[in-house]
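Chemist: Dumping the structure here so I can ask a few things about it.
The values are calculated or read from the model by the stated rules, or taken from the named source; none is laboratory data. In this text, all values refer to a predicted model and were calculated from it rather than measured experimentally. Please note: Cβ atoms are built from the backbone with ideal geometry, for glycine as well, and neighbour counts cover all protein chains shown. Side chains are part of the model used for accessible areas, which takes the heavy atoms of the whole protein and leaves out ligands, DNA and RNA. Shrake-Rupley method; radii C 1.70, N 1.55, O 1.52, S 1.80 Å.
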Amino acid sequence: MGMNRRHFLGLMGALTATPLLPARADAAESKQLLHLFGDLPPPSQVQRVLAAGAPAGVLVYTLAPETLLGWPMSMQGEKSRVVPEAYRNLPYLGRLAGRGSTMPLEKLLALKPDVIIDVGTVDDTYLSAAKRVHQQTGIPYLLVDGSLEDSPQQLQDVGQLLGVPDRAAKLATYAEKTLGVIDTMPANRPSVYLARGPKGLETGLPGSINTEVIALAGGRNAVQVESGGNLAQVSLEQLLHWQPDMIVTQSAGFFELAQSAAAWQHLPAIKNRQCYLLPEAPFGWLDGPPSVNRLVGINWLANKLQNPGSRRSDTKLWADKAADFYQLFYGTRPGIDIFAGQTVRL
Amino acid sequence: MRMKPADRRFHWSFLILFLMVVVIAALAIGQYTLAPSAVLKALLAPAIALPDTSSDAGIVIWNLRLPRIAAGLLVGAALAAAGTAYQGMFRNPLVSPDILGVSAGAGLGASLAILLGLSLPFVQGLAFAGGLIAVGTVYWVSGLVRRHDPILVLVLSGVAVGTLFGAGISLIKVLADPSVQLPSITFWLLGGLNGASREDLMLALPLVLAGLVPMILLRWHVNLLALADEEAAALGVDVHKLRRILIVAATLMTAAAVSIAGIVGWVGLVIPHVARLIAGSEFSRLLPTSILLGAGFLVIADTLARSVASIELPLGILTALVGAPAFIWLLARTGRSG
């Protein structure tokens, strides 16, 4: 640790946190989302970006995939075959997350990134971990704060820094339009249950990052719990009591269970065929990772809440709309089979 | 230590009464508010052929609470019985059913299934298989070492293999998707009976019975394991064979219980002690006492898990929260009177 400490002391005086000024013109209105440790090179010289976690990986990939050094999460397997081969085959680098890091700092140095970017709700733990990495490596570290609601600004701000303001503006427009759907929702909001895990009995509590899609699509979280928190387990008895109008999931195992297990058949949402299995390729529509990939989920859910029922024509329509999103954000237009195959039910 | 027949009758009727009270209370308590009369009506509906089983009360009682209570009874009984057998076999009161690595193995199997995104039957199947593999490995490893005390070798191999499998679980946690898979793994490792269904019971019940029957048949022999191996052998017991049968039986039961409930600690460690305080250490009386207490205790813990807060609390936490103070109280009380 002696080496680290000397390094630390040496850098202490020179480098302090210098929050970047918001890049947007309406700076007065926008929130302060960026926290920067170190000095960024000018946008034209940002060629090598290291994403510290999966949400940042998605954000950087949508804005400037050519700058991405590798993936913080594994992109092997069926799930990521949607991503163009050149990007899918980028190395799996692991994540930087304080104690939970799976990337060695030396590997980080060897990669020589121009900037490290992390996205997520920023708290002091994250700030101090980022500061420390910057102090140890001298690489500028950018933390992007905010929830899904802030995604237009996140896209714009990061797009500016990566030197792709035009592309960022396009994506931000899509995001803004998507986030606007909530204004058209009626006052009487249907309740939606997010089923996670193989049993479908893990869920996000109201206000959690996991259920942002439900809230932003104009649904009401079926879970009636006052206390805040993130994920929790519930029981079927509670679900029977809460009577969700709709169940959404990304877990194929649970979806199968919900169709077959006797106990689930008593829920009106299952009886009325209001249980939907959403794609998680290449990134989830509801969750996993919590990044801009969820915008398409908001669009889908808002539409489904306003026009309940599932018709074959809906699936086709959705395959088209989703393909538009994939084209715009992921630079690839998948065939209908990934949205209407056996692995999803939209 | 022998009880008089009257004492014995009192002992069993007390335990059965305890279990009945627990089950009745568990039936009446839950997040879906049902009046006691509605519970009774729903329970009796099939018997008196009321066409009422499709009502909400009927569903809650017959499809949700009863299977869950039955699963609680089964898991509690299995863990307590396995713990009792192991404590007798290892001549050590600090031994719990996961001494030979069954929980670590099951945890690794389940975590792996969740990491691979498999469905629930696979999660349960891999958990069961993982438990058997871990204990099988321990038994195999201990067979390789011949020059030491066999019990000590078994325990040490169990610790080593358990640690190895535990490291595997940690590795999977690091590799898992932190927003989707990691929470599922964590919840599984904390244990819980939410979602327990008749299908689960149908899978676990035969396995638990398959483990229980040899224990009951061999109940007289198990007492002799308290003696040194040579002395037991002199009394005509094939110690190695008996030990092997008991390990297989206890492992089957524990792995089956863990595969439907996740890792539930404390029951298998402490319930045998409580049973010993009540019934003495004679195995033929200790085993059923332990089973009845374990079943009742787990149902109490699970009823709290599903009713105390507005969300489900993990069962593994509840068993410790309820069990530890109760155990300390009992220890202090019996210490005074004895």
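Chemist: Provide the gained length on full extension for the span A:Lys271 to A:Gln243, in nm with one decimal, where the gain is 0.36 nm per separating residue minus the Cα-Cα distance.
Modeler: Difference between extended and current length: 8.9 nm.
Chemist: Select from segment B:56-78 all residues whose loss of accessible area on going from the chain by itself to the full protein assembly reaches 30 Å² or more (probe 1.4 Å).
Modeler: Buried on complex formation: B:Ile59, B:Asn63, B:Leu64.
Chemist: Which of the lysines could be linked to A:Lys321 by a straight reach, that is with a Cα gap under 20 Å, when you skip same-chain ones fewer than 8 residues away?
Modeler: A:Lys79, A:Lys170, A:Lys177, A:Lys304
Chemist: Could you size up the charge dipole of segment A:185-340 around its Cα centre, putting +1 on the beta carbon of Lys and Arg and -1 on that of Asp and Glu, and report it in debye to the nearest 20?
Modeler: 380 debye
Chemist: Leaving out ligands and nucleic acids, note down the accessible area per residue over chain A with a 1.4 angstrom probe, in whole Å².
Modeler: With the other protein chains kept in place, chain A gives 43 Å² per residue.
Chemist: Using label points projected 7 Å from each Cα along Cα→Cβ, tell me how many nm separate B:Val308 and A:Gln224, to one decimal.
Modeler: About 2.3 nm, to one decimal.
Chemist: How far apart, in nm, are the 7 Å Cα→Cβ label points at A:Thr121 and B:Glu282?
Modeler: Roughly 6.0 nm, to one decimal.
Chemist: So, one more: How far is helix A:124-137 tilted off the main Cα axis of chain A, in degrees rounded to 10, range 0 to 90?
Modeler: It is inclined by approximately 40 degrees.
Chemist: What list of ³J(HN,Hα) couplings, whole Hz, do you get for segment A:279-292 from phi and the Karplus terms 6.51, -1.76, 1.60, once you set θ to phi - 60° and write x for glycine and proline?
Modeler: x, 10, 10, x, 10, x, 7, 9, 5, x, x, x, 9, 5
Chemist: Could you work out the mean projected area of the convex hull around the alpha carbons of the protein assembly as shown, in square nanometres to one decimal?
Modeler: Convex hull of Cα atoms, orientation-averaged projection: 36.8 nm².
Chemist: Let me ask something additional. Compute the helix-to-body angle for A:165-179: its Cα long axis versus the longest principal axis of chain A, expressed 0 to 90° and rounded to tens.
Modeler: Approximately 30 degrees, to the nearest 10.
Chemist: Test of understanding: express the Cα radius of gyration of segment A:185-340 as a ratio to 2.2 N^0.38 Å, with N the residue count.
Modeler: It is 0.99.
Chemist: For segment B:121-176, rounded, prolate or oblate, judged on the Cα gyration tensor with a ≥ b ≥ c (square roots of eigenvalues), a/c < 1.5 rounded, else prolate if a/b > b/c?
Modeler: oblate
Chemist: Could you work out how far helix A:151-161 tilts from the main Cα principal axis of chain A, as a 0 to 90 degree angle to the nearest 10?
Modeler: Result, in degrees: 30.
Chemist: Same structure, new question: Across peptide B:119-126, what mean number of C-beta atoms from other chains lies inside 10 Å of a residue's C-beta?
Modeler: The shielding value for this peptide is 4.
Chemist: Tell me which chymotrypsin sites (Phe, Trp or Tyr not before Pro) from segment A:220-271 have a DSSP coil assignment and no more than 16 other beta carbons within 10 Å of their own.
Modeler: When the chymotrypsin sites (Phe, Trp or Tyr not before Pro) of segment A:220-271 are filtered for loop state and at most 16 Cβ neighbours within 10 Å, nothing remains.
Chemist: Leaving out ligands and nucleic acids, and using a 1.4 Å probe, what accessible area per residue does segment B:219-282 come to in Å²?
Modeler: Result: 39 Å² per residue.
Chemist: Still on this structure: For segment A:134-289, what % of the accessible area comes from carbon and sulfur atoms, probe 1.4 Å?
Modeler: 50 percent
Chemist: Right, something else. At 1.306 mPa s and 10 °C, plugging the Kirkwood radius over alpha-carbon pairs of segment B:247-338 into Stokes-Einstein gives what diffusion coefficient in µm²/s?
Modeler: Here the translational diffusion coefficient equals 112 µm²/s.
Chemist: For segment B:137-258, what is the charge dipole size about the Cα centre, in debye to the nearest 20, if Lys and Arg each add +1 at the Cβ and Asp and Glu each add -1 at the Cβ?
Modeler: Once rounded to the nearest 20, the dipole reads 100 debye.
Chemist: While we're here: Buried by at least 50 Å² relative to the chain on its own: which residues of segment B:170-204 qualify, computing accessible area with a 1.4 Å probe on protein heavy atoms?
Modeler: B:Val174, B:Ser179, B:Phe187, B:Asn194
Chemist: Specify whether the C-alpha gyration tensor of segment B:221-274 places it in the rounded, prolate or oblate class, a ≥ b ≥ c being the square roots of the eigenvalues: rounded for a/c under 1.5, otherwise prolate if a/b is larger than b/c and oblate if not.
Modeler: oblate
Chemist: So, one more: List the residue ranges in chain B for DSSP H helices whose C-alpha atoms run 30 angstrom or more along the long axis and whose Kyte-Doolittle average is -1.0 or above.
Modeler: Membrane-span-like by this criterion, though nothing is claimed about a membrane: B:5-28, B:66-90, B:120-144, B:150-175, B:239-261, B:283-307, B:315-337.
Chemist: Ok, one more. In segment B:77-160, what percent of the accessible surface is made up of carbon and sulfur (1.4 Å probe, ligands and nucleic acids excluded)?
Modeler: 72 percent
Chemist: For the pair B:Ala324 and A:Leu105, how long in nm is the line joining their label points, each one 7 Å along Cα→Cβ?
Modeler: Modelled inter-label distance: 3.6 nm.
Chemist: Another question, then. Which parts of segment B:299-329, residue by residue, lose 30 Å² or more of accessible area when the rest of the protein chains are there, as against the chain isolated (1.4 Å probe)?
Modeler: Listed in order, they are B:Ser310, B:Ile311, B:Glu312.
Chemist: Report the accessible surface area buried between chains B and A, summing both sides, using a 1.4 Å probe on protein heavy atoms only, in Å² rounded to the nearest 100.
Modeler: Buried area between the two chains comes out at roughly 2800 Å².
Chemist: Could you name the aspartates and glutamates in cross-link range of B:Lys41, using Cα to Cα under 15 Å and dropping any fewer than eight places away on the same chain?
Modeler: B:Asp52, B:Asp56
Chemist: Ok, one more. Can you give the helix-only mean residue ellipticity at 222 nm for the protein assembly as shown, where every DSSP H stretch with n ≥ 4 adds -39500 (n - 2.57) and the sum goes over all residues, rounded to the nearest 500 deg cm²/dmol?
Modeler: So the calculated ellipticity at 222 nm is -18000 deg cm²/dmol.
Chemist: Next up: Suppose we flag GluC sites (Glu not before Pro) only when DSSP calls them loop and at most 11 other Cβ atoms lie within 10 Å. Which is the longest uninterrupted stretch of chain A?
Modeler: A:30-225
Chemist: Shifting gears a bit: Please report the relative contact order for chain B, taking Cα pairs under 8 Å with a sequence separation of at least 6, and give it as a percent rounded to a whole number.
Modeler: 28 percent
Chemist: Ok, one more. Is the shape of chain B rounded, prolate or oblate, going by the alpha carbon gyration tensor and its root eigenvalues a ≥ b ≥ c, with a/c under 1.5 for rounded and a/b larger than b/c for prolate?
Modeler: In terms of gyration-tensor shape, oblate.
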